[in-house]
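What follows is calculated from the coordinates using simple rules that are stated; it is not laboratory data. Only a predicted model underlies this, so the values are computations on that prediction, with no experimental measurement involved. Here the Cβ positions follow ideal geometry from the backbone for every residue, glycine too, while neighbour counts run over all protein chains shown.
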Amino acid sequence: MLDAPWANLWFRRIGIAASYGLLIALARQVTISHFVLVAGIHLVVLLLVRYRDWPALIVGETLALLPTSIACVGMYGLPWAVLYATPGLVFMAPFVYVLRERWPVLASRGSLNMGALLGAALVLSFVMTAINIGTMFIMTLPADYHLQVDKLATKWVLGNYLGILAITPTTLFAYQLLSGARWRQLGTRLIDNRAVLDSIFLVVPALLLLVWIGLEAPRVRQIAQVAMFLPIVWLAMRHGWQGAAIGGTASSFAVMALMPATNDQQTMQAEAIVAFAISSMMLLGARIGALHQHAEQERMDVRMALALAQRNVHIGEMQLRTTSLALEQIRETVQASFSMMMGRLRHLQPTIEDRSYHRQALVAQDQLFRLADSLYPVSWRERGLPAALREGAIPRALDETGVGYWCDLRGPLSRLSQTLHLAIYRLVVEVVADACAKRNLSEVIVRVRCGEKLGRRWVLISIIFRDTAETSSQVRWDELLPRVMRSTSGMGWAGIRDRAMTFEGDAREHQIANGRRVSMLMLDPITISGI
C-alpha cells in the first residue's frame, strides 16, 4: 500500500493541483457575474482540504487562469493580467483560516455551524466583490465605457453569495453523508437517505415542470422563477438544513435555466428571492435539526433511565432469590437440628413427649417455607412463570381460603425476557393483594397475552375480580390477607403503576358487571450497551 503512487507526497500534490485546476476551468465556463459558482468551489475546498495542500490548490488554479491572462494582457494591461491570474483562494484563505480555527463550520456529524457558514458566505461575497471592482479600476477600459460601480457591486455580491449557497452547503452535506464510506457503500448511503430520495423523486421533477412551463409560456417565466423557492421551504421543513441545501442547489440551477439573457433583471430578482429563501431556510433547518437532535438525546436519556430502572428491578429480584435460597437452607438446617436434638433427648429420656415439639418445629419450617416462597416462588425456580402463576404462593393462598382462581396464558411467553417474566409475576401479585385488601372479591381470573409488533415484544395482563356477596362473605380474610401481603411491596395502586411504567407501559382499572378489571401493558426491555 505504501508503494502506491498516491502515497508519494509530490504525486498527490500534483494530482490535487491538476484536478482542481481542471475543475476551475470547467466552472468558469458557466460562471457569470450574478451566479459565481467559482466562489462556492473556493469556499468548499478551503473548508475541507488540509492546510498543507492549500499551496497545491493555488498552483492548480493559477495554471488554469494563466492562458486567459496571457491572451488578454495586451488588451487590458499587465496589472490586470497579474491580478486576474491571482487565484481567488489567495484572498479568501485568511478569512477561511480564521473561520476554521475560531468558528468551525463542521461542528459535528450531521450538523453545521450555520451562523458561521452564512456569515462567512456574506463576508467573502463582499471581499470578492471588492477584488473584482479593484480589477475593473486597474484594467485598461475603452474610452466610451462608463464604469457603474453600484450596479456591478450589486451583481457581484449577489452572484458570489448565491454561488456559495448553491455549492457549499450541498457539498458539505455530501461530505458528511459519505465520509468514511467505502466505494460499495456510497450508493447504499445515498439511497437510504430520505432527503436525497425526496429531492430526486419529488423536488427535481417539480423543478423540471416549472422550467418547462417557463420555457413554453414566456409570460409566466418570472412567476416560475420566483416559485423556485417553494421546494427549498418544503425540503427544509421535512429534512432540516440538509433539505434546504439540496433544494437550494437545485432551485438555483433551475432559475438560471430560465434566464433569457445574461444580464436579465427579472432573473436577478428571482435569484435574490432564492438566495433569501436558502439563507432563511438553512437557518430554520439548522434550528429544526438542533431541536430534533435535542429531542433524540432526551429520548435516549429516557431509554437509558428506563434501562437502568429495569436493571435495578432485575438486581432486586436476584437479591430476593438469594434471600429465598438462604431461607430454604435455614429451613433444612432447622429440620436437621430438630431431628438431632430429639434423637439425643430420646437417648437421655426415652419417655419424653415430643409431639408438641414436633408440631412447633413443623410450624416453624412451614413459616420459613412460605416466607421463602413469597420472596421467590419455588415453583418459579423449578418450572418458570406459568407454574408460578398457576401453582405459586398466591394461587394456593386464594384456593385454600375460599377465593376462586383461574389463570389463562397465551402467546409466545417463552420469548419474553426473564426480567419481564419477573415483572409480570410481581404485578399479578401486587394487583391481587391490592384487591384482597378491599375484602370484596370471590373470584380472580388472570389472563396473560403476549406478542410482537414493530420489533418489540409486548405483554398484556388482564385481571378480573368478581364479587358475589354470598361467596365473598365465606372467604377467610384473616388467614388470606397476611399470606398475600407477605409477597407485596405494600405500595398499592401507585406502586402497581410505577412498576408498569418502568417497562414503558401503564395500568388501568375499569368497572364491569359484578366486579372490576385491571389491565396492564408492558414492553420487553431493550438491551442498551453500557447498562
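Of note:
- Backbone HN-Hα couplings from phi across region 202-212 [Karplus 6.51/-1.76/1.60, Hz, Gly and Pro as x]: 10, 6, 4, x, 5, 5, 4, 5, 5, 4, 5
- From the alpha carbon centroid of region 297-311 to that of region 268-290 is 37 Å.
- Highest mean first, the peptides 86-96, 38-48 sorted by other C-beta atoms within 10 Å per residue fall in the order 38-48, 86-96.
- The angle between the Cα long axis of helix 492-502 and the longest principal axis of the Cα atoms of the chain comes to about 40 degrees, rounded to the nearest 10.
- Checking (i) 25.6; (ii) 24.6; (iii) 30.5 against Kirkwood radius over Cα pairs in Å calculated from these atoms, the matching label is (iii).
- In terms of surrounding Cβ atoms within a 10 Å radius of their Cβ, V431, V59 rank from fewest to most as V59, V431.
- Residue-averaged [θ]222 nm for the chain, counting only DSSP H segments that reach four residues, each worth -39500 (n - 2.57): -23000 deg cm²/dmol
- Extension gain from E101 to Q148, taking 0.36 nm per residue of separation minus the Cα-Cα distance: 13.2 nm
- With contacts taken as Cα pairs under 8 Å and at least 6 residues apart, region 1-180 reaches a relative contact order of 31 percent.
- Computed E for V334/R396 - FRET, C-beta separation, R0 22 angstrom, nearest 0.05: 0.50
- Amide H to amide H distances under 5 Å link Y405 with V444, where only residues 5 or more positions off or on other chains count and H is placed in the peptide plane.
- Using alpha-carbon coordinates, inclination of helix 114-138 to the longest axis of the chain, degrees: 10 degrees
- Centroid-to-centroid separation of region 115-159 and region 54-111 [C-alpha atoms, Å]: 15 Å
- Surrounding net charge for R410, when Lys and Arg each add one and Asp and Glu each subtract one, Cβ distance under 9 Å: +1
- Length-normalised contact order for the chain - Cα pairs under 8 Å, 6+ apart - percent: 10 percent
- Between region 398-435 and region 465-490, the Cα center-to-center distance that results, in Å: 16 Å
- For the chain, the longest principal axis of the Cα atoms and the long axis of helix 88-102 meet at an angle of about 30 degrees.
- Charge sum, other residues only, whose C-beta stays under 9 Å from E509's C-beta, Lys/Arg counted +1 and Asp/Glu -1: +3
- Each other residue within a Cβ distance under 13 Å of G455 adds +1 if Lys or Arg and -1 if Asp or Glu, for a net charge of +2.
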